Amino acid sequence: MAAPKVAARRLVGMSTLLLMLPLLLWLFLLIFLPHLDMFAVALRERVGFGEYRFSWMHFELFFSESLYWRTFLRTAVMSMLTTLLTLIIALPIAWYIAKLVRGRVRSLLFMACLIPFWVSELVRTYGWMILLRESGVISGVLQWSGLADAPVEMLYNDVAIMVGLIYASMLFMLVPLVTTLDSLDNSLVEAAYDLGGNHFTVTRDIIIPHAMPGIVSGSIVVFMLSLGNYLTPVLLGGKDSLWFTEQIFTQFITRFNWEQGAAFGVLLLVLSSLIVWLGLKLSGQSFAETMK
Amino acid sequence: MRLKQILVPAVLTLTLPLTAMAEELRLLTWGGYAPEEVVNQFEEETGIEVQVTLSNNEDMISKLRATGGAGFDLVQPSQDRITSAQQEFRIYKPMDLSKVDSALFIDSMLAATRRNTSVGDDVYAVPHVWGTTGLIVHDSVADQVKDFDDLCKPELAGKVSYRLRRPILIGMAFSMGEDPFAAYDDEDAYAAMMARVEEKLIACKPNVKAYWSGGDELINLVASGEVVAAKGWDAGGWKLQAENPQIRFVAPASGALGWIDTFALPRRGENDEAAYKWINFVMQPEVAAKITQSAGNFTAAKGAEEFVDDKLKASFESSFDQQALDNIKWYPPVPAGLETLEGQILDRVKAAN
């Protein structure tokens, strides 16, 4: 009796495997293998023309040369700040879209968030450059209105990078927030007010806990996007604002040092995953929970 | 049977365009080196289709390195970046100089490129466009800025731009009275010299508005008046001068840095014949003059200046008298490994506050 059951189960297992095969192949060939290869490249040291030997030196250099780990630290801290600011700005907007408006206005507002993403990131970044530069729009308006008597330079600094990053990642925070807030039962909020809650306590005890999965998944996406962003820091950032992805690019393209670049790439992956993991642990969330 | 009837014509129509496709030349070059007019003329005369990809030195080498020298039939790196890239990555194939019409070239340039791009007995490049790196200066500060290190004068705070790449290291070293090219083969001496340059560049940072990374970006910064003195290419300076006579390209007192962009064959290029045809075509004086007109730089073609318009010639003469011309510091080949050292310096300068 048991034999056909086992066979049937095996058949089911087989067909699931076949169904999963394209996905597994994709993961293996396009994600896993290249990363493994990159790791292998990072582990060799150039000793002569086209000659290499095994070495950890490129990883060691990251930790021994303070410039590199400080750049990474700087990038990570700025990305976290971006994530936090994006969240603070996005939360009321998401609340407004999810709870306070209905019908056409609601879809219009959603569209307004989406439309900037119809043009490429490069064009959007150039847009910011036109606005912020010394001979640009904002500086012009300030001088015209008499608020400033000389050209004001707002480009080429960390604030400009921050503005660009927040702008670029707003949508990815809004969408998960709107979805989770949408599922919050209005009566819970009403009940909280009936029981004597004020805006602050209701937000803290009802809205935030309910929106937590959205907050966490939005934050992960925004953090990863900012950390891995290349264009915005390079174009809007100034002479002091080195970004870690720029370091990787420079190693690969202008220094021909693929080994160092690959080591940085691996470190970026490992360290950013570590930060996300740590963030999840500290906020008491599990990854599986947020992805539901 | 049915399937075969469908499949055979389908396969045939799919493969036909591949075999019937016109001969093509895949050219990896700088902006302005293959203007549309010249490309069209070449296509008409030879029937070879030209695919142009724009790039710069580092990008060209990286692209070829990634494919082991495939993907393009003709590339145009600078002459000082050929030998080390060849020794390190083996991305070029030797030139057959008998297929190049040497009568079209200025002899001294052909000889210099030949010397600078040889590995063993093989020659890897012939010269095409040459130009210099120097100073782009607005008249209001022209009397203050005579050399690269003048960019660091406190009066110019926030009004200066340069590209944070190896030319600024070299230029700064020259203006500080050093000779970096003489130290190329002595890595310790070079490192010590560059440490001083690093110090200078870090101290100079408050002067810098932004490090430019492309020629157009620089032109934008200077044309808008946001930057009054910059390190830049002669062609960019002359372009700006054409629009605003108050801006000029100046050869620095310690000497402008001279570069020659070349023609080189990638190791796995597929159409060498077309590549040689293109080289001999664009080196004809009339055609070379058209390239000078579009790139803003002069070529190694003999007699081309006769066809170049007077405005550009006048700009050239206003930037270079005979003495400045003789004082041009031509880049010798970069020894392998030097760029790693320079790279760390550039990184530290960029990160310094």
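Observations, loosely collected:
- Only aspartates and glutamates eight or more places from B:Lys313 in sequence, or on another chain, were considered; those with a Cα closer than 18 Å are B:Asp234, B:Glu243, B:Glu286, B:Glu305, B:Asp321, B:Asp326.
- Peptides B:226-234, A:205-213, ordered by how many other C-beta atoms sit within 10 Å of their residues on average, highest first, read B:226-234, A:205-213.
- Based on C-alpha pairs under 8 angstrom that are at least 6 apart in sequence, the range A:64-291 has a relative contact order of 26 percent.
- Considering only A:Ala263, A:Ala160, A:Ala191, the Gaussian network model of chain A with Cα springs below 10 Å gives its largest mean-square fluctuation to A:Ala191.
- In the context of the full set of protein chains, chain B has a per residue accessible area of 42 Å² (1.4 Å probe).
- Cα pair distances exceeding 21 angstrom across the range A:189-292, given as percent: 55 percent
- Per-residue average of Cβ from other chains inside 10 Å of A:166-172: 0
- Dipole check for the protein assembly as shown: with +1 at the C-beta of Lys and Arg, -1 at the C-beta of Asp and Glu, and the Cα centre as origin, the magnitude is about 2980 Debye.
- Quarter of Cα convex hull surface for chain A, i.e. mean projection, nm²: 25.9 nm²
- Over 30 Å between alpha carbons, listed pairs B:Lys159/B:Lys239; B:Lys311/B:Lys350; B:Lys63/B:Lys159; B:Lys153/B:Lys311; B:Lys99/B:Lys231; B:Lys93/B:Lys329: B:Lys311/B:Lys350; B:Lys63/B:Lys159; B:Lys153/B:Lys311; B:Lys99/B:Lys231
- Across the range B:53-114, C-alpha contacts under 8 Å between residues 6 or more apart give a mean separation that, scaled by the residue count, equals a relative contact order of 30 percent.
- The range B:146-232 shape via C-alpha gyration tensor axes, a/c threshold 1.5: prolate
- Residue with peak Gaussian network fluctuation, chain B [Cα springs, cutoff 10 Å], from B:Gly237, B:Gly120, B:Gly258: B:Gly120
- Residues considered: A:Val221, A:Val105, A:Val47. Largest GNM mean-square fluctuation over chain A, using C-alpha springs under 10 Å, is found at A:Val47.
- In the range A:253-268, the residues that give up 10 Å² or more of accessible area when the other protein chains are added, compared with the chain on its own (1.4 Å probe), are A:Ile253, A:Thr254, A:Arg255, A:Phe256, A:Asn257, A:Trp258.
- In sequence order, the range B:67-77 has phi-based couplings of 10, x, x, 10, x, 9, 9, 8, 10, 10, x Hz under the Karplus curve 6.51 cos²θ - 1.76 cosθ + 1.60, θ = phi - 60°, and Gly or Pro positions carry x.
- Apportionment of accessible area to carbon and sulfur, chain B, percent (1.4 Å): 52 percent
- Solitary cysteines of the protein assembly as shown, where the nearest other Cys Cβ is not under 4.7 Å: A:Cys113
- Close amide-amide hydrogen proximity is noted between B:Glu49 and B:Glu23, B:Glu24, B:Leu25, each under 5 Å apart and 5 or more residues distant or on a separate chain (H modeled in the peptide plane; Pro and chain starts excluded).
- Gyration tensor over the Cα atoms of the range A:6-54: the corresponding equivalent ellipsoid has semi-axes (square roots of 5 times the eigenvalues, largest first) of 41, 10, 6 Å.
- Reachable aspartates and glutamates, given that their alpha-carbon falls under 14 Å from the alpha-carbon of B:Lys205 and they are not under 8 places away in the same chain: A:Asp240, B:Asp149, B:Asp150, B:Glu155, B:Asp347
- Where only DSSP H runs of four or more residues are counted, chain B gives -13500 deg cm²/dmol as its mean residue ellipticity at 222 nm, each run worth -39500 (n - 2.57).
- Karplus-derived 3J(HN,Hα) values for the range A:15-29, using 6.51 cos²θ - 1.76 cosθ + 1.60 with θ = phi - 60°, are 5, 4, 4, 4, 5, 7, 3, x, 5, 5, 4, 4, 4, 5, 6 Hz; glycine and proline are entered as x.
- Both chains summed, the buried accessible area for B and A stands near 2800 Å², from protein heavy atoms and a 1.4 Å probe.
- Charge dipole (Cα centre; +1 on Lys/Arg Cβ, -1 on Asp/Glu Cβ; no other charges) of chain B amounts to roughly 1060 debye.
- Of all accessible heavy-atom area on chain A, the percent that carbon and sulfur account for (1.4 Å): 73 percent
- Residues whose amide H comes within less than 5 Å of that of B:Val123, counting only those at least five positions distant or on another chain, are B:Met95 (H built at 1.01 Å from N in the peptide plane).
- Centroid-to-centroid separation of the range A:38-63 and the range A:112-144 [C-alpha atoms, Å]: 42 Å
- The residues of chain A expose on average 56 square angstrom of accessible surface per residue, using a 1.4 Å probe on protein heavy atoms.
- Computed from backbone phi with θ = phi - 60° and the Karplus coefficients 6.51, -1.76 and 1.60, the 3J(HN,Hα) list for the range A:136-147 is x, 5, 5, 4, x, 5, 4, 5, 5, 7, x, 6 Hz; x is used for glycine and proline.
- Size descriptors for the range A:165-212 (Cα atoms only): Rg and Dmax, in that order, 12.9, 40 Å.
- Listed by chain and number, the lysines whose alpha-carbon sits under 29 Å from that of A:Lys99, ignoring those within fewer than 8 places in the same chain, are A:Lys292.
- Unit charges at the beta carbon, dipole of the protein assembly as shown: most positive-side option, B:Ala210, B:Thr292, A:Thr201: A:Thr201
- Pairs of alpha carbons in chain B whose separation is greater than 36 Å (percent): 25 percent
- Computed log₁₀ I(q)/I(0) - Debye formula, equal Cα scatterers, no solvent, the range A:130-253, q 0.17, 0.18 Å⁻¹: -0.89, -0.93
- Residue by residue along A:44-50, Cβ atoms of other protein chains within 10 Å of the local Cβ number 3 on average.
- Remark: relative contact order (chain B) = 27 percent; criterion is Cα-Cα distance under 8 angstrom and separation of 6 or more residues.
- Semi-axis lengths (Å, descending) of the ellipsoid that matches the C-alpha gyration tensor of the protein assembly as shown: 49, 36, 26
- Percentage, to the nearest whole number, of Cα pairs in the range B:226-345 over 21 Å apart: 54 percent
- Remark: mean inter-chain Cβ contacts per residue of A:277-283 equal 0, using a 10 Å Cβ-Cβ cutoff to other protein chain atoms.
The values are calculated or read from the model by the stated rules, or taken from the named source; none is laboratory data. Just so it is clear, the structure is predicted and the values come from calculations on it, not from any experiment. Cβ sites come from the backbone with ideal geometry, for glycine too, and all protein chains shown count toward neighbours. Protein only, heavy atoms only, side chains kept; ligands, DNA and RNA dropped before computing areas. Shrake-Rupley method; radii C 1.70, N 1.55, O 1.52, S 1.80 Å.
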